Amino acid sequence: MTVLVLTAALATVIGVSLGMLGGGGSILAVPLLVYVTGLPAKEAIATSLLVVGATSAVAVIPHLRAGRVRWRTGLIFGLAGMTGAYAGGRIAGHLPAGVLLTAFAVMMLATAAAMIRGRRASVDKPVSYDLPVPRVIADGVAVGLVTGLAGAGGGFLVVPALALLGGLPMPIAVGTSLVVIAMQSFAGFAGHLSGAGIDPGLAAVVTVTAIAGSLLGTRLAGRIPAETLRKAFGWFVVAMGLFVLGRQLHASPVLWSGLAVALAAGACAFRAFRAFRQPAR
C-alpha cells in the first residue's frame, strides 16, 4: 500500500511537469518505475512511454482551448518523431538494460543542463511560423530516436526545437510540444512492445494519476515564475540523473557500451540545445 501511494503521488508530479512545462514526464517516470515499483528497465521505459503519451494527449486539451497549439508544426514534427521513436524502440529491445539506463541518466543530465542555463532572451524578435520543413523532419526524427531509445528527452528537446524552428513563443511551443510528445511516445511504445511487456494495472494507476496532475499543471502554468520553476526542476533532474548514473557505475558491467549509446543520443540533443541557447537574429 505504501508503494502504491508513493507511486501515485510521484505520478501526479509527472503530470504536473507535463502540464506546466511541456516535458519532464519520462525523466521522472523511468526512475519511478525502476526504483519505486521495481520494474525491469525495459518494461519501465515501455510503460513510461505509454503513460507520457496518454498524459500528453489529455494535457494538450486546455492548451488547445487557449489557442496555444500550432497543428501544422506539431503534426510535421510529430510524424517525423514517430518514425524515429519507433526505430529507437525496436533498437532498445536488443540492448542490455544497463546500457539503456546509462543512456537515460546521461540524457537526464544533458536535459537538466539545458534547463538550468535556459535560453538567452532575444530583442524584438519577429514571430514567424514559416517552417524549414526538411530541417523540421530531420530534427523530428533525431528527437524521436532519442525518445524511443532511452525513453527520455522528448519534451525538453521538442520545446526548444519548436521555439527555434518555428519562432513559436514559449507558451505555444509548450502546447504544441504536447501533441508531438503524445505522437512519438505512442510510436516508441509500439516499438518496445516486441521486447518488453507492461503491467496493465500499474500502468493504469500511474496514467490516471499523471493525467490528474497534468490538468493541475495546466491550471498552475503562469502562476509560478517560469524562470524559478525551470531552474528548480533542472537541479532536481541533476540529482536524479546522478543517482541513476551512480547506480549504473556501481552495478553495470556494460557501462562503456551504455556511455557510447548515451553519447550518440546526446549528440542528437546537442544541436537543438545549442541552437536553443543562441540569441535569435
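Every number in this text was worked out from the coordinates using simple rules, so none of it is lab data. Predicted model, so just to flag it, every value in this text is computed and none were measured. FYI the Cβ positions are ideal-geometry reconstructions off the backbone, even for glycines, and counts take in every protein chain you see.
Label positions at ARG223 and PHE243, each projected 7 Å from the Cα along the C-beta direction, are separated by 2.7 nm.
Packing, taken as the mean count of other beta carbons within 10 Å per residue, orders the peptides 190-196, 57-63, 172-178 from highest to lowest as 172-178, 57-63, 190-196.
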